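This structure is in structure tokens; I'll ask about it shortly.
The values are calculated or read from the model by the stated rules, or taken from the named source; none is laboratory data. These numbers were taken from a predicted model, which means no experiment stands behind them. Glycine also receives a Cβ, built like all others from the backbone with ideal geometry; neighbour counts cover every protein chain displayed.
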Amino acid sequence: MSEDVARSDRVCVIGAGPSGLATARQLREAGIPFDVHEKHSDVGGIWDPTNEGSPIYRTAHFISSRFNSGFYGHPMPDSYPDYPSWSQIRDYIHDFATDEKLYEYITFNSRVEHAELRSDGQWDVTVGGEQKRYRALAVATGVTWHASTPELKGQETFTGKMMHSSEYSDSSIFWDKKVLIVGAGNSGVDIACDAATSAERAFLSVRRGYRFIPKHIFGMPLDVFSKGGRKAPAGITLPDNMDEIVDALVGDVTRFGLPAPDHDLLTSHPIVNDQIIHHFNHGDITAKPDIDRLEGSDVVFKDGTREQIDVLLLATGYDYKIPFLDDQLFEWQNGRPQLYLNTFNRTVDSLYVVGFVEFADAAYKRFEEMAQLVAMDLTLEGAEKATFAEMKAHHQPDLRGGRHYVDSPRHANYVDTLTFQQRMREIRDQFGVDQLTDTAP
């Protein structure tokens with residue numbers, strides 16, 4: 001194994017998806033030498049379904065609108081629909097990397113096999129059997145690569161096809177089949193809508209009550225309406241509470257056999273989908289409770305009912321994993337690494353993670369703000385460096401704005417987007433870092 005010790009002034013960025021590209025741009029703007037290693041053959045991460053392990057399916061679209069979803073200074077094209085498709089998002093990411101001249105920093109087909117922390121705080125990174133030395137590590141690999149697959153009682157007896165949503169591509173596997181989707185997250189609901197129009201019968205199994213939010217309110221994309229002051233058409237008076245607005249538009253979901261929502265609108269990750277209510281209204285899909293067990297070709301539910309099922313698809317989310325790092329470098333709670341501002345390792349000064357955060361908002365600008373703070377930390381010196389190191393280790397800011405989120409692993413690190421932005425703004429102000437704008441990176 002060869003060793004390249006000449007790169008000790010460089011930062012290693014792992015991943016060239018949206019968070020990795022945001023990190024690359026901010027490091028470049030700060031004048032910090034870096035390399036990006038990407039295991040696939042192009043930029044885009046999950047948004048290129050030809051990438052091994054991508055969970056993207058043919059009907060996937062953004063759940064935030066194009067008006068709020070771009071990187072700083074790079075709005076999505078006016079020709080895009082309100083909610084872009086996966087292929088449009090992929091092309092947008094490619095264009096961003098091209099326009100920003102980021103390709104020159106990226107080595108493709110370059111899988112990081114292992115990264116070892118040295119006693120001096122630098123890193124030995126093994127790529128393709130070759131070891132390279134780096135001053136810092138910025139992990140930007142994303143959080144939807146490692147399927148979370150529950151064990152179901154009796155699954156060894158099940159005679160149908162059982163799969164995770166990450167394996168799903170298109171609805172052709174549902175034709176003339178009885179299909180059960182388990183889980184009502186955004187992917188689960190999307191795929192349930194595919195099944196509703198292609199399967200012989202389609203079912204959606206949920207453990208708790210959900211709020212299904214329309215993608216448009218009074219003809220405006222949901223996020224445009226929400227951020228634009230919730231202006232109603234002339235002659236219509238709206239309640240101040242967003243829960244009441246959504247409930248009035250969607251109606252009582254218990255009429256479909258679904259449980260009543262068990263949370264306020266903003267205390268759970270939003271399920272943004274118009275079509276699911278349409279299909280419930282038309283009887284194209286049937287609500288079922290949680291699964292009790294599998295018996296041969298049957299699925300038996302907690303209420304004692306059973307259905308013969310040909311395809312059982314688990315839309316049960318993803319585990320957070322960083323397979324090339326020792327887990328002991330992090331403190332883990334509910335399967336999530338505990339990070340300062342969801343970005344900075346609290347005990348390893350040279351270890352950063354960009355993109356391991358969830359909130360009810362478009363992500364790309366938040367990724368850039370996180371990356372800007374990474375670049376800030378890498379350029380701080382003297383007393384300011386010591387001050388921020390102490391903050392990384394001990395500062396415990398409220399990132400939830402006092403909200404109490406649904407008690408689930410997914411929401412373990414969930415943040416309120418406005419509070420999160422405010423906390424990052426306070427750090428920038430404290431250390432004299434300029435606010436990112438749409439006219440300057």
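Return yes or no: is ILE322 under 28 Å from the mean Cα position of the chain (by Cα) and not in a helix (DSSP H, G or I)? Quick ask: steps written out before the conclusion?
Working: under 28 Å from the mean Cα position of the chain (by Cα): yes; not in a helix (DSSP H, G or I): yes.
So ILE322 passes the test.
Name the pairs: first residue in the stretch 117-130 and on the phi < 0 side of the Ramachandran plot and of a type in the set (D, E, K, R), second residue assigned to a loop (DSSP other than H, G, I, E, B) and at pLDDT below 95, Cβ to Cβ under 9 Å, at least 6 apart or on different chains?
The qualifying pairs are GLU130/MET1; GLU130/SER2.
Another question, if that's okay. State yes or no: is GLU151 in a helix (DSSP H, G or I), without any contact (Cβ under 8 Å) to a residue 60 or more places away in the chain and either within 30 Å of HIS74 (Cα to Cα) or out of contact with any Asp or Glu (no Cβ under 6 Å at 6 or more places or on another chain) (or both)? Lay out the reasoning, then the answer.
On the way: in a helix (DSSP H, G or I): no; without any contact (Cβ under 8 Å) to a residue 60 or more places away in the chain: yes; either within 30 Å of HIS74 (Cα to Cα) or out of contact with any Asp or Glu (no Cβ under 6 Å at 6 or more places or on another chain) (or both): yes.
Judged against the criteria, GLU151 is not a match.
Among the residues of the stretch 420-441, which ones are in contact with a Leu (Cβ under 8 Å, 6 or more places away or on another chain), among the β-branched types (Val, Ile, Thr) and within 24 Å of PRO75 (Cα to Cα)? Break it down into steps so the answer makes sense when it comes.
Step one: filter the stretch 420-441 for residues in contact with a Leu (Cβ under 8 Å, 6 or more places away or on another chain), giving 420, 423-424, 427-428, 431, 433.
Subsequent filtering for residues that are among the β-branched types (Val, Ile, Thr) retains 427, 433.
Answer for the stretch 420-441, where residues must be in contact with a Leu (Cβ under 8 Å, 6 or more places away or on another chain), among the β-branched types (Val, Ile, Thr) and within 24 Å of PRO75 (Cα to Cα): just VAL433.
Within the stretch 53-69, does at least one residue satisfy the condition of being modelled with pLDDT under 95 and surrounded by fewer than 16 Cβ atoms within 10 Å (Cβ to Cβ)?
For the stretch 53-69, residues modelled with pLDDT under 95 and surrounded by fewer than 16 Cβ atoms within 10 Å (Cβ to Cβ): present.
Starting from residues that are more than 21 Å from VAL125 (Cα to Cα) and touching a strand residue (DSSP E or B) at 6+ places or on another chain (Cβ under 8 Å), keep the ones in the stretch 330-355 and report whichever is surrounded by the most Cβ atoms within 10 Å (Cβ to Cβ). Let's see the steps before the verdict.
We begin by selecting, within the stretch 330-355, every residue more than 21 Å from VAL125 (Cα to Cα); these are 331-336, 338-342.
When the remaining residues are screened for being touching a strand residue (DSSP E or B) at 6+ places or on another chain (Cβ under 8 Å), the result is 331, 338-339, 342.
Details: GLU331: 13, GLN338: 14, LEU339: 20, ASN342: 22.
Filtering first and then ranking leaves ASN342.
Next question. Taking VAL36, is it modelled with pLDDT of 95 or more, within 19 Å of the chain's Cα centre (by Cα) and buried (at least 24 other Cβ atoms within 10 Å of the Cβ)? Give the derivation first.
Details: modelled with pLDDT of 95 or more: yes; within 19 Å of the chain's Cα centre (by Cα): no; buried (at least 24 other Cβ atoms within 10 Å of the Cβ): yes.
So VAL36 fails the test.
Filter the stretch 254-271 down to the residues that are outside any loop (DSSP other than H, G, I, E, B) and at pLDDT below 95 and list them by number.
Selection gives LEU265, LEU266, THR267, ILE271.
Residues to consider are PHE359, PHE388; find the one that is at pLDDT 95 or above and either among the aromatic types (Phe, Trp, Tyr) or over 24 Å from GLY432 (Cβ atoms) (or both). Steps first, please.
Working: PHE359 fails: at pLDDT 95 or above.
The unique qualifying residue is PHE388.
How many of the residues making up the stretch 155-185 are in a helix (DSSP H, G or I) and closer than 25 Å to GLU52 by Cα? Quick ask: steps written out before the conclusion?
If we filter the stretch 155-185 for residues that are in a helix (DSSP H, G or I), which is where we start, we get 155-157, 165-167, 171-174.
When the remaining residues are screened for being closer than 25 Å to GLU52 by Cα, the result is 165-167, 171-174.
Residues in the stretch 155-185 being in a helix (DSSP H, G or I) and closer than 25 Å to GLU52 by Cα: 7 in total.
So that you can scan it fast, the table gives a plain yes or no per residue for (1) crowded, with 21+ Cβ neighbours inside 10 Å; (2) in a helix (DSSP H, G or I):
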position	(1), (2)
SER187	yes, yes
CYS193	yes, yes
TYR210	yes, no
ARG230	no, no
GLY235	no, no
PRO239	no, no
LEU249	no, yes
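Can you tell me how many residues within the stretch 382-417 are loosely packed, with under 12 Cβ neighbours inside 10 Å and assigned to a helix (DSSP H, G or I)?
So the answer is 5.
On to the next question. Of everything in the stretch 274-294 that's in a loop (DSSP other than H, G, I, E, B) and modelled with pLDDT of 95 or more, which residue is farthest from GLU307 (Cα to Cα)?
Initial filter on the stretch 274-294 (in a loop (DSSP other than H, G, I, E, B)): 274, 282-285, 289-290.
Now drop any that are not modelled with pLDDT of 95 or more, which leaves 282-285, 289-290.
Details: HIS282: 20, GLY283: 16, ASP284: 16, ILE285: 13, PRO289: 12, ASP290: 13 Å.
That would be HIS282.
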